[in-house]
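Asker: Encoded as structure tokens, here's the structure I'll be asking about.
Read-outs throughout are calculated quantities, based only on the coordinates presented, and are distinct from any laboratory measurement. Worth saying up front: this structure is predicted, and the values here are computed from it rather than measured. Cβ placement follows ideal geometry from the backbone for every residue including glycine, while neighbour counts extend to all protein chains displayed.
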Amino acid sequence: MSSITAVIWDLDATIIDSHGDHLEAWRNTLARHGIIVSDDDLRHKFGKTGLEIVSDIVQERGLKGFSEDHIRKIAHEKAEYYRRQGSIILMRGAIEAIRIFHGKGMKMAIATASPKSNIDKVLEKTDVGRYIEAFVAAEDITRAKPYPDMLLLAARRLGVKPGECIAIDDSFLGIKAANAAGMKSVAVATGEWPLETLKKEAAMAFRDLNETIAHLDEVLA
């Protein structure tokens, strides 16, 4: 009998197809503050909080004149820009996978480095909230992925042990966080990280959620 009782989901590029919107929001917001970035500058930072992303860029480029308040302002403006964008698009197989796990009695949480308002946007525009029992957002933690903090908090909020959880994520940082938390890491190559890279770190790795569900017995083993 499987010891897995819970699923902890990443949000962006795992449940929702949002990376394009996030890239646009970052490019435009940073440009207003004189920082020009390419998509490649941003892609592998996904999984961190907005505050961490701005801080990383400022530090990496040795930019002067960016106080903590200014960095916080940029992160806030980016979040506002993203919220003003259009409809939420679910990743292929996402709602089906969530319903299948729910049907098997799995407790489920979302743990994301995005702000709570981004979760609220998803709950307003999709049926995902019907199946998710707990949420962890950027405001809840001080260290985002690859640290395990948000995943451990999600497990506590579900009332389960970390070893009883699988963590599903599209990013290398998220998979490292799952491993550090003592959870079974399941990668889906639906974001910016290639499948072969994810396979090096994850307990299991799949092209997408449909393939994940096709191997459900192995995932829950």
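Asker: In the stretch 23-117, what trypsin sites (Lys or Arg not before Pro) fall in a loop by DSSP, with at most 11 other Cβ atoms inside 10 Å?
Answerer: Details: sites: Arg27, Arg32, Arg43, Lys45, Lys48, Arg61, Lys64, Arg72, Lys73, Lys78, Arg83, Arg84, Arg92, Arg99, Lys104, Lys107, Lys116; in loops: Lys45, Lys64, Arg92, Lys104.
Listed in order of number, the matching sites are Lys64.
Asker: Can you give the angle from 0 to 90° between the axis of helix 94-103 and the longest principal axis of the chain, with both taken from C-alpha atoms, to the nearest 10?
Answerer: With rounding to tens, the tilt is 40 degrees.
Asker: Taking the Cα centre of the chain as origin, sum charge times position over the Cβ atoms of Lys and Arg (+1) and Asp and Glu (-1), and report the length of that vector in debye to the nearest 20.
Answerer: So the magnitude is around 380 debye.
Asker: Now, a different point. List Ser18, Ser67 from most exposed to least, where exposure is judged by having the fewest other Cβ atoms within 10 Å. Write out the running numbers ahead of the final one.
Answerer: Values: Ser18 24, Ser67 8.
Fewest-to-most Cβ neighbours within 10 Å comes out as Ser67, Ser18.
Asker: Here is a further query. For the chain, find the longest principal axis of its Cα atoms and tell me its angle to the long axis of helix 116-125, 0 to 90°, nearest 10.
Answerer: Result, in degrees: 60.
Asker: In whole angstrom, note down how far apart the Cα centers of the stretch 120-153 and the stretch 18-67 are.
Answerer: 22 Å
Asker: Then there's this: How much of the DSSP beta bridge set in the chain is antiparallel, as a percent to the nearest 5? Write out the running numbers ahead of the final one.
Answerer: Working: 1 of 21 bridges.
Close to 5 percent.
Asker: On to the next question. Quick check on the chain: helices-only [θ] at 222 nm, where DSSP H runs of length 4 and up contribute -39,500 (n - 2.57) each and the sum goes over total residues. Nearest 500, please.
Answerer: On the way: 11 runs with 103 residues, N = 221.
For the chain, the value works out to -13500 deg cm²/dmol.
Asker: Moving on to the next point. Over the alpha carbons of the stretch 6-114, what is the largest minus smallest coordinate on each principal axis, giving the biggest first in Å?
Answerer: Per principal axis, max minus min of the Cα coordinates gives 53, 25, 22 Å.
Asker: On a 31 Å Cα-Cα criterion, which of the cross-link pairs Lys73/Lys200; Lys104/Lys176; Lys104/Lys125; Lys73/Lys199 come out too long?
Answerer: On the way: Lys73/Lys200 37 Å; Lys104/Lys176 26 Å; Lys104/Lys125 25 Å; Lys73/Lys199 37 Å.
Violating the 31 Å limit, Cα to Cα: Lys73/Lys200; Lys73/Lys199.
Asker: Let me ask something additional. Just Leu173, Leu153, Leu63 to compare: in a GNM of the chain, with alpha carbon springs under 10 Å, which one fluctuates most?
Answerer: Leu63
Asker: Now a separate question. Could you tell me how many degrees, from 0 to 90 and to the nearest 10, lie between the Cα long axis of helix 50-61 and the main elongation axis, the longest principal axis, of the Cα atoms of the chain?
Answerer: Once rounded, the angle reads 50 degrees.
Asker: With a 10 Å Cβ neighbour count serving as the proxy for reagent exposure, in which order, fewest first, do Thr29, Thr112, Thr5, Thr197 appear?
Answerer: Working: Thr29 23, Thr112 29, Thr5 18, Thr197 15.
Lowest to highest Cβ neighbour count: Thr197, Thr5, Thr29, Thr112.
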